[in-house]
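The values are calculated or read from the model by the stated rules, or taken from the named source; none is laboratory data. This one's a predicted model, so the numbers in the text were calculated from it and none came from an experiment. Here the Cβ positions follow ideal geometry from the backbone for every residue, glycine too, while neighbour counts run over all protein chains shown.
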Amino acid sequence: MSRLEELLRNAFPEATELNVVDRTGTGDHFHVTVKSARFEELSLLEQHRLVNQALAEPLADGTIHELRITTRGS
Amino acid sequence: MEELRGKIQTVIEGEPVALFMKGTPEMVMCGNSMRALEALRRAGAPVTAVDILPDPAIRQELSALSGWPTIPQVFVRGELIGGADVVEELEASGELVQKLEHTLGPDYRDGRAEKTAAVI
């Protein structure tokens, strides 16, 4: 499991879908998809904020150069 | 640093629609910044763009203010709307236009012109 996937699984253990795609194969441009019932009551901004928080470390240390996020309620 | 933060805050609060991006609308330096700009253009938003590339401190201060870690960042009358993905989704669902109409008034498209602002 990649570091990003591990961080997301820890943050969203309830997720019914969780996907990390290395878009360029270079380990720095990612598209993450998280489907979770937790998102249902949240605005899109708040949903993405939770994903950003889960990935705060790789965002801060430069591992993630570009991040695309797709979130869905269940 | 205090001065820089103040200037960023002035743009966020003073401009109808502020887009903090990598590059300028004429020369966009990042795919996500381009996606946000294009979504705003489709919605007819009066964009004021700020290039964060001239100094890493701009991004640091901006993220400290907004609590949002990545670039681009879009604000409507001081309120963080989101990054490229959120803005794109809200545009596609029609919610971005609703938000602009609600916050800026139904005539928000009138006399719109893209402009840039510098904070440094």
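Being surrounded by 13 or more Cβ atoms within 10 Å (Cβ to Cβ), of a type in the set (Ser, Thr, Tyr) and either touching an Asp or Glu at 6+ places or on another chain (Cβ under 8 Å) or in contact (Cβ under 8 Å) with a residue 40 or more places away in the chain (or both), is that true of even one residue in region A:19-39?
yes
Given the residues B:MET1, B:MET27, B:MET34, which is the only one that is surrounded by fewer than 21 Cβ atoms within 10 Å (Cβ to Cβ) and modelled with pLDDT under 95?
On the way: B:MET27 fails: modelled with pLDDT under 95; B:MET34 fails: modelled with pLDDT under 95.
Within the list B:MET1, B:MET27, B:MET34, the selection yields B:MET1.
Go through (1) modelled with pLDDT of 95 or more; (2) in contact with a strand residue (DSSP E or B) (Cβ under 7 Å, 6 or more places away or on another chain) and name the single condition B:ARG41 misses.
(2)
Got a sec? Which of A:LEU42, A:LEU55 is in contact with a helix residue (DSSP H, G or I) (Cβ under 7 Å, 6 or more places away or on another chain) and surrounded by 13 or more Cβ atoms within 10 Å (Cβ to Cβ)? Working first, answer last.
On the way: A:LEU42 fails: in contact with a helix residue (DSSP H, G or I) (Cβ under 7 Å, 6 or more places away or on another chain).
A:LEU55 is the lone residue from the list that is in contact with a helix residue (DSSP H, G or I) (Cβ under 7 Å, 6 or more places away or on another chain) and surrounded by 13 or more Cβ atoms within 10 Å (Cβ to Cβ).
If I filter region B:72-79 for residues that are touching a Leu at 6+ places or on another chain (Cβ under 6 Å) and surrounded by fewer than 22 Cβ atoms within 10 Å (Cβ to Cβ), do I get at least one hit?
no
List the number of the failed condition for B:ASP51; all other conditions in (1) crowded, with 18+ Cβ neighbours inside 10 Å; (2) of a type in the set (Asp, Glu); (3) at pLDDT below 95 hold.
The single condition B:ASP51 does not satisfy is (3).
If you go through region B:101-115 one residue at a time, how many are closer than 13 Å to B:PRO46 by Cβ and outside any helix (DSSP H, G or I)?
10
Residue-wise test of (1) in contact (Cβ under 8 Å) with a residue 24 or more places away in the chain; (2) under 21 Å from A:LEU50 (Cα atoms); (3) out of contact with any Gly (no Cβ under 7 Å at 6 or more places or on another chain).
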site	(1), (2), (3)
B:GLY23	yes, no, yes
B:CYS30	yes, no, no
B:MET34	no, no, yes
B:GLY44	yes, no, yes
B:THR48	yes, no, yes
B:ILE58	yes, no, yes
B:ILE81	no, yes, yes
B:THR116	yes, no, yes
B:ILE120	yes, no, yes
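What strands (runs of 3 or more DSSP E) completely inside chain A contain at least 3 residues that are more than 14 Å from chain B (Cβ to nearest Cβ), in contact with a Phe, Trp or Tyr (Cβ under 9 Å, 6 or more places away or on another chain) and at positive phi?
On the way: elements: A:17-22, A:29-35, A:66-72.
In chain A, there are no strands (runs of 3 or more DSSP E) which contain 3 or more residues that are more than 14 Å from chain B (Cβ to nearest Cβ), in contact with a Phe, Trp or Tyr (Cβ under 9 Å, 6 or more places away or on another chain) and at positive phi.
Of the residues B:ALA118, B:ALA92, B:ALA64, B:ALA45, which is of a type outside the set (Phe, Trp, Tyr) and surrounded by 15 or more Cβ atoms within 10 Å (Cβ to Cβ)?
Going through B:ALA118, B:ALA92, B:ALA64, B:ALA45 in turn, the sole match is B:ALA45.
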